[in-house]
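First comes the structure, then the notes that go with it.
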Amino acid sequence: INFGKGVDKMKPGIKREFPEQYVASSKRIDVVDVPKFNFIMIDGIGNPNVPEFKLKSKALRLLSKHVRTYYREKDQYDYLLSPLEGIWDTYDNEQFDVERKKFIKFTLMIVVPDRLTSEVFDHLKEEIIAKHDNPYLIDIYLKSWEEGLNVT
């Protein structure tokens, strides 16, 4: 996704460029095709109501902001930060049940521009690790992900 193709002077962003994928209606069911996006991601297992989960989501947000700052300063390229997203599953492959929080397996993720290469990502990750005392920054990785058809 190449943020920045917008026709107006407002900052580009994933929710503006792909509203059908990010604005679900509670009054109807839609099928949307989710294209390939570039994400920074972090994995975890267990209860999402514990400090570890909060630190992992904070680590993603810190790195996401650092990526945006990098491109603002390097290329005068600015965009809206993307929302935190998540993929939820069970660790033991049983039926998903929110009451069994210790068996929840998750991947937290934030869309970043396609122009973020693995080399730039590694450099920015090292910089943010040096600036912040969050033990989960080291666990963040860069990955392209295409979901395809989804029901919203």
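The values are calculated or read from the model by the stated rules, or taken from the named source; none is laboratory data. Since the model is a prediction, treat every value here as computed from it, not as a measurement. Note that each Cβ is placed from the backbone with ideal geometry, even for glycine, and that neighbours are counted across all protein chains shown. Heavy atoms of the whole protein, side chains included, go into the accessibility calculation; ligands, DNA and RNA do not. Shrake-Rupley method; radii C 1.70, N 1.55, O 1.52, S 1.80 Å.
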Mind checking which residues of the stretch 34-46 are over 25 Å from residue 81 (Cβ atoms) and either touching a strand residue (DSSP E or B) at 6+ places or on another chain (Cβ under 6 Å) or hydrophobic (A, V, I, L, M, F, W, C) (or both)?
-> 45
So which pairs qualify, if the first residue must be in the stretch 19-33 and closer than 24 Å to residue 80 by Cβ and open to solvent by less than 100 Å² (accessible area, probe 1.4 Å), the second must be assigned to a loop (DSSP other than H, G, I, E, B) and of a type in the set (A, V, I, L, M, F, W, C), the Cβ gap must be under 9 Å, and the two must be at least 6 apart or on different chains?
-> 30/24; 32/18; 32/24
Check whether at least one residue in the stretch 36-51 is within 22 Å of residue 150 (Cβ to Cβ), modelled with pLDDT under 95 and surrounded by fewer than 17 Cβ atoms within 10 Å (Cβ to Cβ), and report yes or no.
-> yes
Residues (open to solvent by less than 80 Å² (accessible area, probe 1.4 Å), among the β-branched types (Val, Ile, Thr) and either in contact with a helix residue (DSSP H, G or I) (Cβ under 8 Å, 6 or more places away or on another chain) or farther than 21 Å from residue 37 by Cβ (or both)) located in the stretch 99-151 = 104, 110, 111, 112, 120, 128, 129, 140
So is residue 56 open to solvent by 40 Å² or more (accessible area, probe 1.4 Å) and within 12 Å of the chain's Cα centre (by Cα) or not?
-> no
Restricting to the stretch 93-152, what's the tally of residues that are of a type in the set (Ser, Thr, Tyr) and either modelled with pLDDT under 85 or part of a loop (DSSP other than H, G, I, E, B) (or both)?
-> 3
Restricting attention to the stretch 1-18, does a residue exist that is modelled with pLDDT of 95 or more, surrounded by fewer than 17 Cβ atoms within 10 Å (Cβ to Cβ), within 20 Å of the chain's Cα centre (by Cα) and of a type outside the set (A, V, I, L, M)?
-> no
